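Student: Here's a structure for you.
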Amino acid sequence: MQPVASPASSEPPLPRTLFGQLREAIRGTQADYTKIPLRRAVFLLAVPMVLELVLESTFAVVDIFFVARLGPSAVATVGLTESYLFLLYSIAMGLAMAVTAVVARRIGEGKPDEAAVTAVQAIIVAVLASVLPAILGILYAPDLLRLMGGNEWTIQHGYRYAQWMLGGNAVIMLLFVINAIFRGAGDAAIAMRVLWLSNSLNIVLCPLLIFGVGPFPQWGIEGAAIATNIGRGTGVLVQLWVLLRGGQHIRVLAAHLRWNGAVLWNIVRTSLGGVGQMIVAMTSWIFLMRILASVGSEAVAGATIAIRFMMFTMMPAWGMSNAAATLVGQNLGAQQADRAEAAVWQIGRYNMAYLLLVSFAYFFLPRQIVGVFTDDPTVVLVGAEWLRILSYALFVYGWWMVSVQAFNGAGDTVTPTWINVAFFWLIQIPLAWWLALHLGWKETGVFWAVFVSETSVGLFTLWLFSRGRWKLARV
């Protein structure tokens, strides 16, 4: 589908040089994304979103690089803890989907004050949602790791990592939700700068606190969690300061700082589908990790390294997909459904082209990639096998990313939830168990189950998007 011609506007022309275009995208702009040429809108939103997530994934890779120096059990501790964090991520990301959709719709309708009220209520919801997981994580970390099949080292020495990560989950919630506010408003450059600051601190502090460099204490794996909480906590403080000071498209004033039950409930109601779809996907991952734990800690460690590297390489595609969510929400608010659809197809082509290039690296260099993080031969073989299997369908996954974000950006978070139930719970988990444990394929069975389910969900979601019912969603 060809991009829809945008109406004439008074927006300044896009700088002719690539450097000038990048500078405008990174510095931020007051451009109206519902009026400027579509290619320019995609560029201005996608560049900061891609850069934001690239650094986020860079930290994930750096973190596991240092933790891997403590041995496979330490890496397994990170992987098992992340299985629970994925549940928290599902809540944070579900809220973020709803917040992006609602804020983008209000901005597209020309109602910045209502967008600011939405922002405040979203922050309240995020704080409330973080309380119970923090209490459970602090009090029951060893039991939670034991439940996931952690070995003796993980339970005795790794539980403090889990305590810090689960106990400090409020910074995760707020970081996701407040950046979703900025993205929905079109202030993607602010979200990018916040995560750059947060993750730069993480990257610097991680080795210092793990290994006790210079005057810093040697906290081992616990140091990785402390560094992460310091970095993310600093990012949240900066987010709140910028939100009150005002960005290019949204600002929270004193008059907005109040409880608004109707708006809060609208956020909760809209987020239920997003939370549901993420919980389905994340709990599926927990079951997969539990199956891998039955195979051995090397299988968990290899899978953890592979998934961290996959996150690193796929973050640019997620950044472009997030741009699609903002463009869909704002253009539907401005009554321009065809322009919203055109944005999705355009970004989908970009995603496919990028992930085809990534898949070549996965296929031809898997052992070299995993070998950067560990010299354990078994862990290298496991991680390399998953990367190679992933390479067969990565470009299809790219189309799934952008099409599911189109649903979420429109506020239709329920449809992806039912899709995830069918393909992750009813197909992926039973198939992984059957192949890995019943047929004895071990970790190989898990990896092929992921390939089958995620290839299928990508093709089905893209077909469903093409039918266009998401254009009728109301938030």
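The values are calculated or read from the model by the stated rules, or taken from the named source; none is laboratory data. Keep in mind it's a predicted model, so treat the numbers as computed, not measured. Note: ideal-geometry Cβ built from the backbone for every residue, glycine included; neighbour counts use all protein chains shown. Remember, those area values only see protein heavy atoms, side chains included, never the ligands or the DNA or RNA. Shrake-Rupley method; radii C 1.70, N 1.55, O 1.52, S 1.80 Å.
Student: Among the chymotrypsin sites (Phe, Trp or Tyr not before Pro) within region 199-270, which fall in a DSSP loop and have no more than 16 other Cβ atoms within 10 Å of their own Cβ?
Tutor: Here the sparse-neighbourhood loop sites are TRP259.
Student: Kindly state, to the nearest 0.05, the FRET efficiency for PHE360 paired with LEU22, given R0 = 22 Å and r defined as their beta-carbon distance.
Tutor: The computed FRET efficiency comes out at 0.30.
Student: Tell me, what is the percent relative contact order of region 35-259, built from C-alpha pairs under 8 Å that lie six or more residues apart?
Tutor: 28
Student: Could you calculate the contour length gain from GLN156 to ALA353, that is, 0.36 nm times the residue separation minus the distance between their Cα atoms, to one decimal place in nm?
Tutor: That pair, GLN156 and ALA353, stretches by 66.3 nm at full extension.
Student: Length gain on complete extension for the stretch LEU147 to LEU132, per 0.36 nm per residue less the alpha carbon to alpha carbon distance?
Tutor: Contour length minus the Cα-Cα distance gives 3.6 nm.
Student: Just tell me which aspartates and glutamates come within less than 19 Å, Cα to Cα, of LYS111; anything on the same chain fewer than 8 places away is out.
Tutor: ASP32, ASP187
Student: Given Cβ point charges of +1 (Lys, Arg) and -1 (Asp, Glu) and nothing else, what value in debye, to the nearest 20, does the dipole of the chain about its Cα centre take?
Tutor: For the chain, the charge dipole is close to 1040 debye.
Student: Would you work out which of SER466, ASN420, ILE369 lies farthest towards the positive end of the dipole of region 273-474? Charges go on Cβ: Lys and Arg +1, Asp and Glu -1.
Tutor: SER466
Student: Another question, if that's okay. Could you estimate the translational diffusion coefficient of region 214-265 from the Stokes-Einstein equation, with Rh from the Kirkwood formula over C-alpha pairs, at 25 °C and 0.890 mPa s, in whole µm²/s?
Tutor: 173
Student: For region 273-474, give the magnitude of the charge dipole about the Cα centre (Cβ charges: +1 Lys/Arg, -1 Asp/Glu; no others), in debye to the nearest 20.
Tutor: Computed charge dipole of region 273-474: roughly 460 debye.
Student: Pop out the carbon and sulfur fraction of the accessible area of the chain as a percent, whole number, probe 1.4 Å.
Tutor: 67
Student: Report, in degrees rounded to the nearest 10, the 0 to 90 angle that the Cα long axis of helix 394-410 makes with the longest principal axis of the chain.
Tutor: 50
Student: Tell me the relative contact order for the chain as a rounded percent, counting alpha carbon contacts under 8 Å between residues six or more apart.
Tutor: It rounds to 23 percent for the chain.
Student: Another question, then. Can you tell me the orientation of helix 297-333 relative to the chain, as the angle in degrees between its alpha-carbon axis and the longest Cα principal axis, to the nearest 10?
Tutor: Computed tilt is about 10 degrees.
Student: A further question on this structure: Relative to the first principal axis of the alpha-carbon coordinates of the chain, what is the inclination of helix 443-467, with its axis defined by its Cα atoms, in degrees from 0 to 90 and to the nearest 10?
Tutor: 10
Student: Using 0.36 nm times the number of residues separating SER200 and LYS471, minus their current alpha carbon distance, what extension gain do you get?
Tutor: Net length gain for the segment: 93.7 nm.
Student: Solvent-accessible area per residue for the chain at a 1.4 Å probe radius, Å²?
Tutor: Heavy-atom accessible area per residue stands at 39 Å².
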